[in-house]
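Read through the structure below, which is laid out as structure tokens, and then see the notes.
The values are calculated or read from the model by the stated rules, or taken from the named source; none is laboratory data. Owing to the predicted nature of the structure, the values given are computational and were not obtained by experimental measurement. Counting neighbours? That spans all protein chains shown, and the Cβs are built from the backbone with ideal geometry, glycine included.
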Amino acid sequence: MKKPKYPLAHFSPAKDELVVIAITRESVDTGDIRPLLDKLSLLSGTREAALKWEGKLTFYFDGWDQDPRETAEIPEIRSFFLDVTAEWPYWFHFCEKVGDTVLHVLRLMCRGQYVRGSGGMVGWQFDDPQDLGRQMMLLFNGQNGMYDRFKLPETMNERITQEVTQLIENAFG
């Protein structure tokens with residue numbers, strides 16, 4: 001039996017149910033973060049919702065299919081995402097941890113570029129490891145603030161922190 005790539009992530013509830021949010025090109029082009037924040041607020045508006053939707057969120061950018069760039073390479077998307085994150089810094093709690101969503105969040109928040117390696121492999125190279133650390137702390141602080149506000153279990157906070165840490169370590173290891 002093959003060892004899971006992210007063993008800790010298999011404790012996450014994301015395997016069973018996902019909520020997928022489409023972020024429209026119109027919202028990005030106009031800089032209107034309200035429609036997305038309204039959707040995200042449904043996930044984080046109450047203690048019960050935060051518990052229910054932990055580890056179940058993924059998202060995609062709709063309307064960019066004809067653009068050959070990856071979403072993290074598109075300045076308008078990156079700017080939009082940073083504006084959303086300034087208002088809703090709870091990505092680590094809500095994002096699924098089995099797939100690529102957490103790393104997608106970090107690619108959108110931190111400057112870098114895609115690097116093509118041998119065998120057609122493609123990876124993201126962050127320009128500034130210190131910026132990566134700052135952005136991760138912003139997201140962990142957002143998570144901690146929500147946990148304090150809703151009095152969510154510390155054991156859940158610790159598990160999610162370990163899951164995210166393992167995802168990052170595996171991405172760089």
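In segment 122-166, which residues are more than 17 Å from the chain's Cα centre (by Cα) and closer than 16 Å to L82 by Cβ? Scanning segment 122-166 gives D127, D128. Applying the condition of being in a loop (DSSP other than H, G, I, E, B) and among the hydrophobic types (A, V, I, L, M, F, W, C) to segment 17-63 and asking which residue is surrounded by the fewest Cβ atoms within 10 Å (Cβ to Cβ) yields L18. For segment 84-100, the criterion of being over 21 Å from L167 (Cβ atoms) and modelled with pLDDT of 95 or more is met by at least one residue. The set of residues from segment 113-163 being buried (at least 17 other Cβ atoms within 10 Å of the Cβ), farther than 22 Å from E48 by Cβ and either of a type in the set (S, T, Y) or at pLDDT 95 or above (or both) comprises Q135, M136, L139, F140.
Close contacts from segment 128-151, counting a first residue that is touching a residue at least 24 places away in the same chain (Cβ under 8 Å) and at positive phi and a second that is outside any helix (DSSP H, G or I) and of a type in the set (F, W, Y), with Cβ to Cβ under 7 Å and a gap of 6+ residues or different chains, come to none at all. Of all residues in segment 128-157, none satisfies the criterion of being within 11 Å of M109 (Cβ to Cβ) and of a type in the set (F, W, Y). Can you name every residue in segment 22-56 that is farther than 16 Å from L108 by Cα and either among the hydrophobic types (A, V, I, L, M, F, W, C) or touching a strand residue (DSSP E or B) at 6+ places or on another chain (Cβ under 8 Å) (or both)? Result: P35, L37, K39, L40, L42, L43, A49, A50, L51, W53, G55, K56. You will find that of E96, E54, the residue that is over 10 Å from the mean Cα position of the chain (by Cα), of a type outside the set (G, A, S) and within 22 Å of K151 (Cα to Cα) is E54 and no other.
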